[in-house]
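Undergrad: Quick one: this structure, given as structure tokens, is what I'll be asking you about.
None of the figures in this text is laboratory data; all of them are computed from the coordinates on show. On a predicted model such as this, the values are computed, not experimentally measured, just so you know. Using ideal geometry, Cβ is built from the backbone for each residue, glycine included, and neighbour counts are taken over all protein chains shown.
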Amino acid sequence: MDGLKKTLGFWDVLAVAVGAMISSGLFVLPGLAYAQTGPSVVLSYIFAGLACIPTLFSMAELATAMPKAGGDYFYIMRGFGPLLGTLSGFSSWFSLSLKSAFALIGMAAYIARIVPLDLNVIAICLCLFFVILNLLGVKEATRLQLFLVLGLAIILLLYFGIGISSINLSFFHPFVLNGIVGIFKTTAFVFISYAGLTHMVSLSEEIRDPGKNIPRALFTSLVFVVILYSLVIITTVGILPGTILKSSLTPISDTARIIGGRFMEILITTAAFLAFISTANAGIMAASRYPLGMSRDGILPEFLTKTNKFKVPYVSVLTTGLFIAFSLFFLPLELLIKVASCMLIILYLFANLGVVFFRESRIKSYKPSFYSPFYPYMQVTGVLIGIFLLIEMGSLIVFLTLLFMSFSWLWYKLFSRRRGMGNTALLYMLERIISKDKELASEKLHEELAHIVIEREGLIDATTLEIIKQADVLDIEEAITIDDLFDRVAVLLAERLKFKPELFLNAFKKRREVLVNIVERGVAIPHIFLREIERTHMVLVRARNGIIYPDGKKVWVAFILVGPATEREAHLKVLAVIAEIVQDCDFVNRCLVAENEEELIFNVLLAEKDGENSCQY
């Protein structure tokens, strides 16, 4: 299984998030939304953005804990199991693909005014272009995305800057047409305008420093888009008469013609075109990571994991492109976009519940770089908002969504290669609630999350990781002197590496004066080189009542490293990693309370650097 290359920085991720949002939600929906609630449509857009905040916090936490391809699918799979994971994966993949198809149709409509070709033919050609662009590398695709979003933002801010002086305040009276209920119904209606916000987390595996860049990009993009939407909608409502606005499918262009004539209309048309391009590009980029994540877990065929020389999952990109092309010809896009919106709200519910499940499971290796504030009130609020929005979607859309869920369930039952249910945060939580003695959940999730944290932090290289994972553990209850410890380690190494104990014991004695001084923060790090052995080996010692040194000093944990003289560089790398690990002031305490050898090893792997604090032993 090939990992994906980490090439995306903050600005790249921001461009994907913003570009995935601004399209039909701004250039088509305002007129239809105005017809439902009047000038208070401005509040509906703001409320829809605010409704995203709880889920934004939850997704930021989950994405920094598990920055893997597939984003929300990946952590829903680990939180709730493969059945709901299958549903979420298909939901995200289809909804993003259909949103991209809708954007391609919008682009094709503009091009068709100039080129006398069928709308679907133009859309297929555009789809092929974006697929090829994504195959060349995610960095190349995001460079285009950054350019598109920058151009779009400049034009829309210019639209507000020129139009603000022409706003007629009388157009805002009466402000509310159908009361507070109308405002909230319209909020559910325009919620799709923010649907692309969190899908940038599907690119988490390709983001540099995800612990910082994912939360920053999520929150910055939401604030930016809410402000941009508000400014544009205020300008539009204040200039375009309500009788025209409520029936217009091109409200921004109609307003631009009033404030700046033909030139401004062309400029806004250009902005709309850039918006549709950015949505289509971001959609294909993000959607293609869902089949990749699902195939890694055995939900979809394994060949979807293949990557090209640019570390792009090319089979997944091509499959997504084919699905979009198919939908352009055969699927009723408007209805399916509404169903996709309903599925997105369901995914938002799962994201908020997922944070609760992972936190309450108390899995030690669940270590996000960002923690949602106001837990669990933030998540409860997110769930209640999601339920409210689902109710406002209408019974027909919910029914069609249930049909889609049935399809997902059937696929899971008939085609999934792996269907084990023990690998979930939900079962960990149930285990903790029902009985501390009864083991309901496997340790696979704990181990998988631990490896993700190690990969995310980049502290431990693959070779060092294997040395630590394969270390022998000596768990000693009584107090022991350092010389007695060397005797016991020599016997263990002799048995493990098939040499006589004297080989190791003599090496320890020769370097005894040096070895007893290699102590830091309650941890001993003695190490020796031997010509006779072929590979580096580690013995991890936990002495609950201390390892006693000749001067009376005590340590409680010891890393004893034995390496071949020909591999000094690798040996020193391991020592450097251990030196970083012991900077965690709570490291010794956590080792002393670890329940078993496996937990002790994971405490080593998951130790945090804490060099700024003073440790007392």
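Undergrad: Below 9 angstrom from the Cβ of L592, what's the summed charge of the other residues (Lys, Arg +1; Asp, Glu -1)?
TA: Spelling it out: positives minus negatives among the neighbours equals +3.
Undergrad: Once both axes come from the Cα atoms, what is the angle between helix 82-111 and the longest principal axis of the chain, in degrees from 0 to 90, rounded to 10?
TA: Long axis of 82-111 versus the principal axis of the chain: about 40 degrees.
Undergrad: Moving to a separate point now. On C-alpha positions alone, give me the angle between the axis of helix 251-287 and the longest principal axis of the chain, in degrees, nearest 10.
TA: For helix 251-287, the angle is close to 30 degrees.
Undergrad: Can you compute the charge dipole magnitude of the chain about its Cα centre, using +1 on each Lys and Arg Cβ and -1 on each Asp and Glu Cβ, nothing else charged? Give it in debye, rounded to the nearest 20.
TA: Value, rounded to 20: 1240 debye.
Undergrad: Show me 314-323, 274-283 ranked by packing, highest mean number of other Cβ atoms within 10 Å first.
TA: 274-283, 314-323
Undergrad: Another question about this same structure. Distance from the Cα centre of the range 359-406 to that of the range 177-252, in angstrom?
TA: For the range 359-406 versus the range 177-252, the Cα centre distance is 20 Å.
Undergrad: Only bridges with both residues in the chain count here: give the DSSP antiparallel percent, nearest 5.
TA: In the chain, DSSP labels about 40 percent of beta bridges as antiparallel.
Undergrad: Same structure, new question: Just name one of V18, T320, A65: the one whose Cα is farthest towards the positive end of the charge dipole of the range 10-413 (beta-carbon charges, Lys/Arg +1, Asp/Glu -1).
TA: Value computed over the given set: A65.
Undergrad: Which order, highest average first, do 522-529, 461-468, 364-371 follow once you tally other Cβ atoms within 10 Å for each residue and take the mean per peptide?
TA: 522-529, 364-371, 461-468
Undergrad: For the chain, calculate the relative contact order in percent as a whole number, restricting contacts to Cα pairs under 8 Å that are 6 or more residues apart. It would help to have the intermediate numbers written out before the result.
TA: Values: 1023 pairs, mean separation 124.5, N = 617.
Once divided by the residue count of the chain, the mean separation gives 20 percent.
Undergrad: Right, here's the next one. Count the DSSP beta bridges whose two residues both fall in the range 461-605, then state the antiparallel fraction as a percent rounded to the nearest 5.
TA: Here the share of antiparallel DSSP bridges comes out near 45 percent.
Undergrad: So, one more: Which whole-number percent of Cα pairs in the range 198-270 have a distance greater than 19 Å? Mind showing how you got there, number by number?
TA: Values: 1383 of 2628 pairs.
Distances greater than 19 Å cover 53 percent of the Cα pairs.
Undergrad: What percentages make up the Cα-Cα pair-distance distribution of the range 473-557 when the bins are 5 Å wide from 0?
TA: With a bin width of 5 Å, the distribution comes to 3, 14, 27, 27, 18, 9, 2, 0.
Undergrad: If you fit an axis through the alpha-carbon atoms of helix 119-135 and take the longest principal axis of the Cα set of the chain, what angle between them do you get, 0 to 90°, nearest 10?
TA: Helix 119-135 and the main axis of the chain meet at about 20 degrees.
Undergrad: Which of rounded, prolate, oblate describes the range 231-274, given a ≥ b ≥ c as roots of the alpha-carbon gyration tensor eigenvalues and a/c under 1.5 marking rounded, otherwise prolate only if a/b is larger than b/c?
TA: It is prolate, given that a/c is not under 1.5 and a/b is the larger ratio.
Undergrad: Give the Cα extents of the range 461-605 along the principal axes, in whole Å, largest first.
TA: So the three principal-axis extents are 36, 35, 24 Å.
Undergrad: How do the peptides 169-180, 347-358, 402-413 rank, highest first, by the average count of neighbouring beta carbon atoms within 10 Å per residue?
TA: Ranking the peptides 169-180, 347-358, 402-413 by packing returns 347-358, 402-413, 169-180.
Undergrad: Enumerate the amide H contacts of H527 below 5 Å, restricted to partners 5 or more residues apart or on another chain; note that Pro and chain-start residues carry no placed amide H.
TA: L561
Undergrad: Also, quick follow-up: Tell me the volume per residue, in Å³, of the convex hull enclosing the alpha carbons of the chain.
TA: So the per-residue hull volume is 172 Å³.
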